[in-house]
Amino acid sequence: MKPNIRQAIWIFALAVAFTAFVMPKLAVAYQTQQDQKDKQANSKDNANNLMYQQGFDHGQADRANNQPHQYRLQPNSADDRRAYESGYDQGYQNSPDANRDKSGQQGARSEPDGNVATQNGLQDGANDGLQDRQAGYRAHATKRQNYKHGNRGYSSSFGSKDKFKALYRQAYIQGYEKGYNGQDSSQGSDNR
């Protein structure tokens, strides 16, 4: 009977050692795999998330304009805040303009006024629409200062300032509707 007790003690000791030393390593490996899967799923979800896209656009713009890394929005929802900050970080780190010098040179790079006007209009409109929605204000895109000025990013090298403003304002309305409604601008609104 003594060998059975010794054998039982050894089996018990091995079980305790396995639990104490091997199981935590297996749990860490499993958790790491789960974290990677979650990050991949979140990145796919974020690509379609308005707050992520807005953060990404802000991050790219700040990096391209040599601005410090600073979040522009603080959404009320924790999920929206995480998505915005994640997008901002990605946009800031992976900006295609990250290597441009202060004069804007990276070879011969000059954007047509339509691209700058449209990009800035969409971005500013989405920001203002989202802010109005979060503050509980009625949609009023055409009363916002960004819409009235309509010239953020304009340079005389682009040509007609009136054409730039028209393109900016058209894009601003679309961006505002997306930001305010949290959906495609094709569904429309009455703020024109």
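The values are calculated or read from the model by the stated rules, or taken from the named source; none is laboratory data. Just so we're clear, the structure is a prediction, and the values are computed from it rather than from any experiment. Cβ placement follows ideal geometry from the backbone for every residue including glycine, while neighbour counts extend to all protein chains displayed.
Inspect region 133-155 for any residue being out of contact with any Cys (no Cβ under 7 Å at 6 or more places or on another chain), modelled with pLDDT under 80, assigned to a helix (DSSP H, G or I) and closer than 14 Å to L50 by Cβ and give the result as yes or no. Checked against the condition, which is being out of contact with any Cys (no Cβ under 7 Å at 6 or more places or on another chain), modelled with pLDDT under 80, assigned to a helix (DSSP H, G or I) and closer than 14 Å to L50 by Cβ, region 133-155 yields no hits at all. For region 82-105, the condition of being out of contact with any Gly (no Cβ under 8 Å at 6 or more places or on another chain) and modelled with pLDDT of 80 or more holds for at least one residue. If the condition is being in contact with a Ser or Thr (Cβ under 8 Å, 6 or more places away or on another chain) and within 14 Å of N120 (Cβ to Cβ), then region 149-169 contributes L167, Y168.
Across region 28-49, a minimum of one residue is classified as crowded, with 16+ Cβ neighbours inside 10 Å and at pLDDT below 80. For region 135-153, the candidate set comprises residues that are touching a helix residue (DSSP H, G or I) at 6+ places or on another chain (Cβ under 9 Å) and farther than 18 Å from Q119 by Cα; within that set, the residue that is surrounded by the fewest Cβ atoms within 10 Å (Cβ to Cβ) is R138. Cβ-Cβ distances below 8 Å connect the following pairs, each with a first residue in region 154-179 that is crowded, with 19+ Cβ neighbours inside 10 Å, a second residue that is among the acidic types (D, E) and outside any helix (DSSP H, G or I), and a separation of six or more residues or different chains: K178/D184. Residue pairs whose Cβ atoms lie under 8 Å apart, sitting 6 or more positions apart in sequence or on different chains, and linking a residue in region 65-82 that is under 19 Å from D128 (Cα atoms) and in the same structural domain as Q54 (by TED's automatic domain parsing) to a partner that is assigned to a helix (DSSP H, G or I) and of a type in the set (K, R), are Q74/R81; P75/R81.
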